[in-house]
Amino acid sequence: MDVFIGIDVACAKGKYLPLVICTLENGRLLPFPLASYPIKPPRGLGNARTLDDKVNQAFAEDVASYIETVCEAFHLNPIRIGIDSPLRPRDNHLNRRLAEQALDRAGISCYTTPSADDFRMIKAKGIAHLEASKPIQNLPHAHQIFMLLGFVLNERLSKVAECIEVYPHATVKQLGVADIHKSKGNQAELQLSAMSHYTGWPKTDDDWSQADNMCLGPMHDRVDAYSAAWVASLPEQERISFGEPEKGDAIWIPDVKPISSVAANLPTKPNPIRKTRQAVSNIARQQACPACNQHLFKRWPLGWDAHAVYKCTGLIEGEPEARKKEFKRRFMSS
C-alpha cells in the first residue's frame, strides 16, 4: 500500500515528533492511527542538544527507523515525505531564500533560513551561551535552531522516499483559514475541517473520533503534520511552488481555492459520541472498525474478536485475550 508522510519538525524537549502516515483510499486521504501503536516516534531533546550535529544525526536515524518499522509491519510503501522545515541552508550570497522571497511577495510571513556560514556562528553563540550557564530559554536564535534538525532529517529520509519542503501556515493561508493562530480555541479543528473539503477526511463522526489518533502531540501539531502529508500526497501538477524547484529552493502548497465563508464556518468537530452497547437490530449494517478505521465490518459487530486479535492496528495490547478485552472495553461497553 502506497503511503505519504508528513512531519512537523519539532525539537522541544520530551515532545514526540509529530509524524503522520496517510494512504489514499477512494479519493480520501486517511491517516493511520499511529498514536495507538505500541511503537512511538522519538522524543525531542531540546534546542540545546539540537546544536550538536551528532545528536541530530542520531535523531534522524531514529525517525527513519520508526518509519521503516511501521511500513514494514503493515506492508506500506512510502512515496513522498512532506517536511515542515527548510531542507538545506540558504545560499551564502542570498539575503533570503528564493522561496522566502516568493512568500514575501505573496504576503506570507516566514522566518529567514540562515546560511551555512550563519549557522556556524549561531551554533558557536549557542554553545558559548550554554557554557556560560545562561538560561536555556534565552538561547540565541531559538526560533531557527530547529532547522538544523530539518536539514539532517531531509538528508536521512531522502533515502526512504522523496522529500519536499512544505509550510502548513502557507497552506491554511491558501485555504483562507489562517486569521487566528492555530493554537487558539478550535482553530486547529477549523483548519482540519477546511482541508477535509479537499482531502475527504475527516467528514463523519467516526472520522473525527480518530483525529486524536493520527499522531501524538497537541491538536495543532497533528493538523500541521496531516497538512504536510496532504501536500506530499499531491502530484506536482496539483501543487503550487514558492521559489524555484529546479534550483532546489521551493516550498510547496496545494493548488486549491479558498474555502467559502459558509463552508469554513461549518461545525469543525461534532459533539462527542457516547459509546453504547450495540443493539441486535444494528447487526446487519456495515461499519468501519472504530479502533483502526481501516477495516470494514460487513455485519457489525460480527467478527470483531478475530479482527481484534489478528488484524486491528488501533489497539495497544499485544496478547490475544488482552486485545479482545481492550476492544470490548473501548468500543462495545455501555
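Restricting Ala229, Ala225 to residues that are within 14 Å of Pro254 (Cβ to Cβ), in a helix (DSSP H, G or I) and modelled with pLDDT of 95 or more narrows the list to Ala229. Hey, any hits in the stretch 60-83 for a residue that's in contact (Cβ under 8 Å) with a residue 12 or more places away in the chain and in contact with a Gly (Cβ under 7 Å, 6 or more places away or on another chain)? Scanning the stretch 60-83 turns up at least one residue that is in contact (Cβ under 8 Å) with a residue 12 or more places away in the chain and in contact with a Gly (Cβ under 7 Å, 6 or more places away or on another chain).
The number of residues in the stretch 165-188 that are buried (at least 19 other Cβ atoms within 10 Å of the Cβ) and either among the charged types (D, E, K, R) or more than 23 Å from Ile253 (Cα to Cα) (or both) comes to 3.
Cβ separations smaller than 9 Å between residues 6+ apart or across chains give the following pairs from the stretch 21-33 residues that are of a type in the set (S, T, N, Q) to residues that are at pLDDT below 95: Thr23/Gln294. Applying the criterion of at least 1 residues that are in contact with a Leu (Cβ under 6 Å, 6 or more places away or on another chain), in contact (Cβ under 8 Å) with a residue 24 or more places away in the chain and among the aliphatic types (A, V, I, L, M) to the helices (runs of 4 or more DSSP H) found wholly in the stretch 149-218 leaves 187-199.
Selection of the stretch 312-325 for residues being surrounded by fewer than 18 Cβ atoms within 10 Å (Cβ to Cβ) and either among the small types (Gly, Ala, Ser) or touching a Leu at 6+ places or on another chain (Cβ under 6 Å) (or both) yields Gly318, Ala322. Of the residues contained in the stretch 40-48, none is found to be crowded, with 18+ Cβ neighbours inside 10 Å, at pLDDT 95 or above and out of contact with any Phe, Trp or Tyr (no Cβ under 7 Å at 6 or more places or on another chain).
The values are calculated or read from the model by the stated rules, or taken from the named source; none is laboratory data. These numbers were taken from a predicted model, which means no experiment stands behind them. Ideal geometry is used to build each Cβ from the backbone, glycine not excepted, and the neighbour counts take in all protein chains shown.
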